[in-house]
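The values are calculated or read from the model by the stated rules, or taken from the named source; none is laboratory data. All values derive from a computational prediction rather than experimental measurement. Neighbour counts run over all protein chains shown; Cβ positions are idealised from the backbone, glycine included. SASA here: full protein model, heavy atoms, side chains in, ligands and nucleic acids out. Shrake-Rupley method; radii C 1.70, N 1.55, O 1.52, S 1.80 Å.
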Amino acid sequence: MTVRIQKEDFDVSREIAALRSGNPQIGAVASFIGVVRDLNDGSTVATMTLEHYPGMTEKAIDKIIVEAKGRWQVYDALVIHRIGTLAPLDQIVLVVVTSAHRGDAFAACEFIMDYLKTQAPFWKKEQTPDGARWVEARASDDKAAERWGSKG
């Protein structure tokens, strides 16, 4: 289980290869890549700046992964989340899960991403033509996380 918070971009292929390396029991790899959009809530987005609470952020993500591993048969998981100023088309987040079977890998990957959006302490500020604005939490993200039931 690996969690990295970093300014640098990541190479998806390299990260997946490293995660599954040496484990012939892996039959499924599920991944999610989040990317900066150029439009949000009706406004053009020039850049997005992501901030976090060092130490607390990694701990929160570790807890989410442990919860996923308790719910599904998962061999390993990786979460990379970028911070700093990003532009449209830049990668923001990578979630990768390995398992013996696709159902467990898909579910755990989706669970981790849903909880990452609602439980990990990140703050996003967008630069728009009208100036800078903080991105508010979305009710749809909360609803997505709620469907998994209460956290243990």
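Of the beta bridges DSSP finds with both residues in the range 1-86, what % are antiparallel, to the nearest 5?
Values: 5 of 10 bridges.
If I count the DSSP bridges inside the range 1-86, around 50 percent turn out antiparallel.
What does the C-alpha gyration tensor say about the overall shape of the range 57-104? Classify as rounded when a/c is under 1.5, otherwise prolate if a/b is larger than b/c, or oblate. Provide the component values of the computation, followed by the final result.
Details: a/c = 4.01, a/b = 1.78, b/c = 2.25.
The shape class here is oblate.
Can you spot the lysines whose alpha carbon is less than 29 Å from K125's alpha carbon? Ignore those fewer than 8 places along the same chain.
Output for K125: K7, K59, K63, K117, K143, K151.
No solvent, one uniform scatterer per C-alpha: report log10 I(q)/I(0) for the range 1-58 via the Debye equation at q = 0.30 1/Å, two decimals.
For the range 1-58, the Cα-only Debye profile gives -1.32.
Going by average Cβ neighbours within 10 Å, how do the peptides 102-113, 12-23 rank, with the highest at the top?
Values: 102-113: 20.2, 12-23: 12.3.
Descending mean neighbour count gives 102-113, 12-23.
By the scheme Lys and Arg +1, Asp and Glu -1, what is the net charge of all other residues having a beta-carbon under 15 Å from that of V97? Working shown, then result.
Values: positive: R20, K69, R71, R102; negative: E15, D62, E67, D76, D104, E110, D114.
Computed value for this residue: -3.
Sum -39500 (n - 2.57) across every DSSP H segment of at least 4 residues in the chain, then divide by the residue count to get the 222 nm mean residue ellipticity, nearest 500. If you can, show how the numbers build up before the last one.
Working: 4 runs with 51 residues, N = 152.
Only helices count here, giving -10500 deg cm²/dmol.
Run the dipole for the range 108-152 about the Cα centre, Lys and Arg Cβ at +1, Asp and Glu Cβ at -1, nothing else charged, and hand back the magnitude in debye, nearest 20.
Numbers: 8 positive and 8 negative charges, 17 e Å.
About 80 debye.
Sort H52, H81 from largest to smallest accessible area, using a 1.4 Å probe on the heavy atoms of the protein chains. Each step should come with its number before you reach the end.
Details: H52 40, H81 10 Å².
Solvent-accessible surface, decreasing: H52, H81.
Which of these, V96, V29, V79, has the largest mean-square fluctuation under a Gaussian network model of the chain (Cα springs below 10 Å)?
Ranking V96, V29, V79 by mean-square fluctuation puts V29 first.
How high is the relative contact order of the chain, in percent, counting Cα pairs under 8 Å that sit 6 or more residues apart? Walk me through the numbers before you get to the answer.
Numbers: 280 pairs, mean separation 49.3, N = 152.
Over the chain, the number comes to 32 percent.
What accessible area per residue comes out for the range 100-152, rounded to a whole number of Å², with a 1.4 Å probe?
62
So which helices of the chain fit the span-like rule, where a helix is a whole DSSP H run, its Cα atoms reach 20 Å or more along the axis, and its mean Kyte-Doolittle is at least -1.0?
Values: long enough: 56-71 (23 Å, -0.29); 102-119 (25 Å, -0.06).
What comes out of the filter, once short or polar helices are dropped, is 56-71, 102-119.
Modelling each spin label as a point 7 Å along the Cα-to-Cβ direction, I'd like the K59/N40 distance in nm, to one decimal.
2.6
Quick check: residue separation of F106 and E146 times 0.36 nm, minus the Cα distance between them. What number comes out in nm?
Values: separation 40, 0.36 × 40 = 14.40 nm, distance 1.74 nm.
So the extension gain works out to 12.7 nm.
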